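K.L.:
Okay, here's the structure, questions in a sec.
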Amino acid sequence: MPSDRELILQLQEGSLSALGDLYDRHQHMVYRTALGITGDPEPAADLLQDVFLRLHRFADRIDPDRPLEPWLYRITMNLTYTWIKRYNRLIKPLEDIANWVTGGKKQSPSDLTEKEEEFEDIRRAISRLDLSHRTVVVLYYINDLSIQEISEILEIPTGTVKSRLFYGRQVLKKQLETKGFDLREVQYEFT
(Lines give C-alpha, C1' and ligand atoms only; values in the text may rest on other atoms or scores of the structure.)
Protein backbone atom coordinates (compact mmCIF):
# COMPACT_ATOMS: atom_id res chain seq x y z
CA MET A 1 0.00 0.00 0.00
CA PRO A 2 1.46 3.37 -0.98
CA SER A 3 2.34 5.91 1.70
CA ASP A 4 0.51 9.21 2.13
CA ARG A 5 3.52 10.90 0.54
CA GLU A 6 3.26 8.73 -2.58
CA LEU A 7 -0.49 9.27 -2.78
CA ILE A 8 -0.13 13.05 -2.44
CA LEU A 9 2.43 13.07 -5.25
CA GLN A 10 0.03 11.03 -7.40
CA LEU A 11 -2.82 13.37 -6.48
CA GLN A 12 -0.70 16.36 -7.48
CA GLU A 13 -0.30 14.67 -10.88
CA GLY A 14 -4.11 14.42 -11.17
CA SER A 15 -4.81 10.89 -9.94
CA LEU A 16 -8.36 10.59 -8.61
CA SER A 17 -7.55 7.05 -7.52
CA ALA A 18 -4.98 8.51 -5.11
CA LEU A 19 -7.66 10.81 -3.71
CA GLY A 20 -9.91 7.78 -3.20
CA ASP A 21 -7.14 5.94 -1.37
CA LEU A 22 -6.48 8.95 0.88
CA TYR A 23 -10.22 9.22 1.54
CA ASP A 24 -10.44 5.53 2.48
CA ARG A 25 -7.45 5.90 4.79
CA HIS A 26 -8.47 9.10 6.62
CA GLN A 27 -12.26 9.39 6.37
CA HIS A 28 -12.99 8.00 9.85
CA MET A 29 -10.64 10.45 11.55
CA VAL A 30 -12.10 13.43 9.69
CA TYR A 31 -15.71 12.34 10.26
CA ARG A 32 -15.13 11.59 13.96
CA THR A 33 -13.61 15.05 14.45
CA ALA A 34 -16.43 16.83 12.63
CA LEU A 35 -19.06 14.79 14.48
CA GLY A 36 -17.42 15.45 17.84
CA ILE A 37 -17.56 19.20 17.30
CA THR A 38 -20.90 19.56 15.49
CA GLY A 39 -22.70 16.73 17.26
CA ASP A 40 -24.77 16.19 14.15
CA PRO A 41 -24.13 13.31 11.71
CA GLU A 42 -25.50 15.13 8.65
CA PRO A 43 -23.21 18.18 8.76
CA ALA A 44 -20.34 15.92 9.81
CA ALA A 45 -20.83 13.89 6.62
CA ASP A 46 -21.01 17.10 4.58
CA LEU A 47 -17.86 18.41 6.24
CA LEU A 48 -16.11 15.12 5.49
CA GLN A 49 -16.85 15.61 1.79
CA ASP A 50 -15.76 19.26 1.93
CA VAL A 51 -12.43 18.34 3.52
CA PHE A 52 -11.59 15.91 0.73
CA LEU A 53 -12.80 18.32 -1.94
CA ARG A 54 -10.34 20.83 -0.52
CA LEU A 55 -7.63 18.19 -0.47
CA HIS A 56 -8.22 17.68 -4.19
CA ARG A 57 -8.49 21.38 -4.95
CA PHE A 58 -5.39 22.41 -3.02
CA ALA A 59 -3.26 19.30 -3.58
CA ASP A 60 -0.57 21.36 -5.29
CA ARG A 61 -0.10 23.38 -2.07
CA ILE A 62 0.46 20.35 0.15
CA ASP A 63 4.03 19.45 1.04
CA PRO A 64 4.26 15.68 0.47
CA ASP A 65 7.21 15.47 2.88
CA ARG A 66 5.07 16.55 5.82
CA PRO A 67 2.45 14.36 7.52
CA LEU A 68 -1.03 14.73 6.03
CA GLU A 69 -3.09 14.19 9.21
CA PRO A 70 -2.32 17.59 10.81
CA TRP A 71 -3.37 19.28 7.55
CA LEU A 72 -6.60 17.26 7.49
CA TYR A 73 -7.32 18.10 11.15
CA ARG A 74 -6.68 21.80 10.51
CA ILE A 75 -9.00 21.88 7.49
CA THR A 76 -11.64 19.90 9.40
CA MET A 77 -11.44 22.30 12.34
CA ASN A 78 -11.61 25.38 10.10
CA LEU A 79 -14.63 24.08 8.19
CA THR A 80 -16.31 23.00 11.43
CA TYR A 81 -15.77 26.43 13.01
CA THR A 82 -17.31 28.03 9.94
CA TRP A 83 -20.29 25.68 10.12
CA ILE A 84 -20.84 26.40 13.81
CA LYS A 85 -20.64 30.14 13.28
CA ARG A 86 -22.97 29.98 10.29
CA TYR A 87 -25.61 27.80 11.87
CA ASN A 88 -24.84 28.49 15.53
CA ARG A 89 -25.53 24.89 16.41
CA LEU A 90 -24.51 23.02 19.51
CA ILE A 91 -23.91 19.35 20.06
CA LYS A 92 -26.83 16.93 19.56
CA PRO A 93 -26.96 13.28 20.67
CA LEU A 94 -23.81 11.55 19.55
CA GLU A 95 -24.48 7.92 18.78
CA ASP A 96 -20.96 7.34 17.48
CA ILE A 97 -19.42 8.81 20.63
CA ALA A 98 -21.79 6.75 22.77
CA ASN A 99 -20.58 3.61 21.01
CA TRP A 100 -16.98 4.73 21.45
CA VAL A 101 -17.48 5.32 25.18
CA THR A 102 -19.26 2.01 25.78
CA GLY A 103 -16.92 0.08 23.53
CA GLY A 104 -19.89 -1.12 21.51
CA LYS A 105 -20.88 -3.63 24.25
CA LYS A 106 -24.36 -5.15 24.22
CA GLN A 107 -26.39 -3.99 27.20
CA SER A 108 -29.81 -4.65 28.66
CA PRO A 109 -32.65 -2.23 27.83
CA SER A 110 -32.52 -0.70 31.33
CA ASP A 111 -28.72 -0.29 31.05
CA LEU A 112 -29.17 1.33 27.67
CA THR A 113 -31.80 3.74 29.01
CA GLU A 114 -29.54 4.71 31.89
CA LYS A 115 -26.58 5.14 29.53
CA GLU A 116 -28.67 7.24 27.16
CA GLU A 117 -29.55 9.57 30.03
CA GLU A 118 -25.90 9.78 31.06
CA PHE A 119 -24.81 10.49 27.48
CA GLU A 120 -27.46 13.18 27.19
CA ASP A 121 -26.11 14.81 30.36
CA ILE A 122 -22.56 14.56 29.03
CA ARG A 123 -23.67 15.91 25.65
CA ARG A 124 -25.30 18.90 27.31
CA ALA A 125 -22.22 19.52 29.43
CA ILE A 126 -19.95 19.39 26.38
CA SER A 127 -22.29 21.65 24.42
CA ARG A 128 -22.05 24.28 27.16
CA LEU A 129 -18.29 24.51 26.78
CA ASP A 130 -17.13 27.44 24.74
CA LEU A 131 -15.90 26.43 21.31
CA SER A 132 -12.18 26.67 22.11
CA HIS A 133 -12.51 24.36 25.12
CA ARG A 134 -14.92 22.02 23.33
CA THR A 135 -12.51 21.65 20.41
CA VAL A 136 -9.58 20.71 22.63
CA VAL A 137 -11.69 18.30 24.69
CA VAL A 138 -12.95 16.54 21.52
CA LEU A 139 -9.49 16.30 19.96
CA TYR A 140 -7.94 15.03 23.20
CA TYR A 141 -10.58 12.63 24.49
CA ILE A 142 -12.42 11.52 21.38
CA ASN A 143 -9.62 11.59 18.82
CA ASP A 144 -6.98 10.58 21.38
CA LEU A 145 -4.49 13.18 20.18
CA SER A 146 -1.54 14.29 22.27
CA ILE A 147 -1.13 17.82 23.62
CA GLN A 148 1.64 18.41 21.07
CA GLU A 149 -0.49 17.18 18.17
CA ILE A 150 -3.39 19.43 19.20
CA SER A 151 -0.99 22.35 19.51
CA GLU A 152 0.28 21.81 15.98
CA ILE A 153 -3.19 21.29 14.49
CA LEU A 154 -4.73 24.37 16.10
CA GLU A 155 -1.49 26.34 15.78
CA ILE A 156 -1.51 27.38 19.43
CA PRO A 157 1.12 26.88 22.16
CA THR A 158 1.05 23.63 24.16
CA GLY A 159 0.46 25.70 27.31
CA THR A 160 -2.74 27.03 25.78
CA VAL A 161 -3.89 23.50 24.95
CA LYS A 162 -3.20 22.42 28.54
CA SER A 163 -5.02 25.43 29.92
CA ARG A 164 -8.07 24.84 27.72
CA LEU A 165 -8.15 21.17 28.72
CA PHE A 166 -7.87 22.09 32.40
CA TYR A 167 -10.67 24.65 32.30
CA GLY A 168 -12.81 22.46 30.04
CA ARG A 169 -12.46 19.61 32.55
CA GLN A 170 -13.35 21.93 35.43
CA VAL A 171 -16.52 23.13 33.71
CA LEU A 172 -17.49 19.57 32.76
CA LYS A 173 -16.84 18.35 36.29
CA LYS A 174 -19.02 21.07 37.86
CA GLN A 175 -21.84 20.49 35.39
CA LEU A 176 -21.77 16.72 35.75
CA GLU A 177 -21.56 16.81 39.55
CA THR A 178 -24.78 18.84 39.60
CA LYS A 179 -26.37 15.98 37.63
CA GLY A 180 -25.33 13.47 40.28
CA PHE A 181 -22.22 12.03 38.61
CA ASP A 182 -19.69 10.82 41.18
CA LEU A 183 -16.42 12.14 39.83
CA ARG A 184 -14.25 11.59 42.91
CA GLU A 185 -12.72 8.53 41.29
CA VAL A 186 -11.80 10.33 38.09
CA GLN A 187 -8.08 10.96 38.02
CA TYR A 188 -6.81 13.36 35.38
CA GLU A 189 -3.32 12.80 34.19
CA PHE A 190 -0.92 15.68 34.30
CA THR A 191 -0.39 16.73 30.72
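K.L.:
Criterion first (modelled with pLDDT under 85, under 28 Å from Leu48 (Cα atoms) and more than 18 Å from the chain's Cα centre (by Cα)) does Lys105 satisfy it?
P.N.:
Answer is yes for this residue.
K.L.:
What are the pairs with Cβ atoms under 7 angstrom where one residue, in region 41-70, is loosely packed, with under 15 Cβ neighbours inside 10 Å and the other, located anywhere, is charged (D, E, K, R) and part of a helix (DSSP H, G or I)? Sequence gap at least six, or different chains.
P.N.:
Asp65/Arg5
K.L.:
Hey, can you tell me all the residues within region 150-170 that are hydrophobic (A, V, I, L, M, F, W, C) and part of a helix (DSSP H, G or I)?
P.N.:
Ile150, Ile153, Leu154, Val161, Leu165, Phe166
The values are calculated or read from the model by the stated rules, or taken from the named source; none is laboratory data. Remember, predicted model here, so these are calculated numbers, not experimental data. All Cβ positions, glycine included, derive from the backbone under ideal geometry; neighbour counts span all protein chains shown.
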